[in-house]
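Accompanying notes for the structure given below.
The values are calculated or read from the model by the stated rules, or taken from the named source; none is laboratory data. The structure presented is a predicted model; accordingly, all values stated were derived computationally and were not measured. Quick reminder, even Gly has a Cβ in these numbers, built from the backbone with ideal geometry, and neighbours come from all protein chains shown.
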Amino acid sequence: MSTNTSFSGGQEPSISQYIQTLQELHRAEMETVIGALAHITSLSPEQVKPHVDSMLKQLVKEKEKQPPLYATASEWVKAFREWAANHHHDAPTLSDYALSRESMYEDEKL
């Protein structure tokens, strides 16, 4: 199943264009999901579709927040440092034993 959603002209697509492209490429899957949700909720597909569209929009926005897998090393380092800066720095340190090979593999001892 291919999910190639490249656009010509080198322009980044808007979220609505991207979602429209996804819906066109995966029309059968979208109909299956909407049909299943309509059956489960006893609503009509027309009532379910706006909810599925909203969820798809949220998922696309969430995906945009994630750094791309093809980021350069410097972009990855920057993203990692930003991620690390968002964590508590007052956590207690681990003991030498906790970091030792023996503690990591103690359940494998015979």
Under the condition of being surrounded by 10 or more Cβ atoms within 10 Å (Cβ to Cβ) and among the β-branched types (Val, Ile, Thr), which residue from the stretch 1-31 is modelled with the lowest pLDDT? 5
Contact list please: Cβ distance under 6 Å, first residue in the stretch 31-53 and at negative phi, second residue loosely packed, with under 15 Cβ neighbours inside 10 Å, pairs at least six apart or on different chains. 34/45; 38/45
Being under 23 Å from residue 65 (Cα atoms) and either surrounded by 13 or more Cβ atoms within 10 Å (Cβ to Cβ) or at pLDDT 95 or above (or both): is that true of residue 34 here? no
Kindly provide the set of residues from the stretch 37-53 that are of a type in the set (Ser, Thr, Tyr) and in a helix (DSSP H, G or I), ordered by number. 41
Kindly provide the set of residues from the stretch 71-89 that are surrounded by 10 or more Cβ atoms within 10 Å (Cβ to Cβ) and not in a helix (DSSP H, G or I), ordered by number. 71
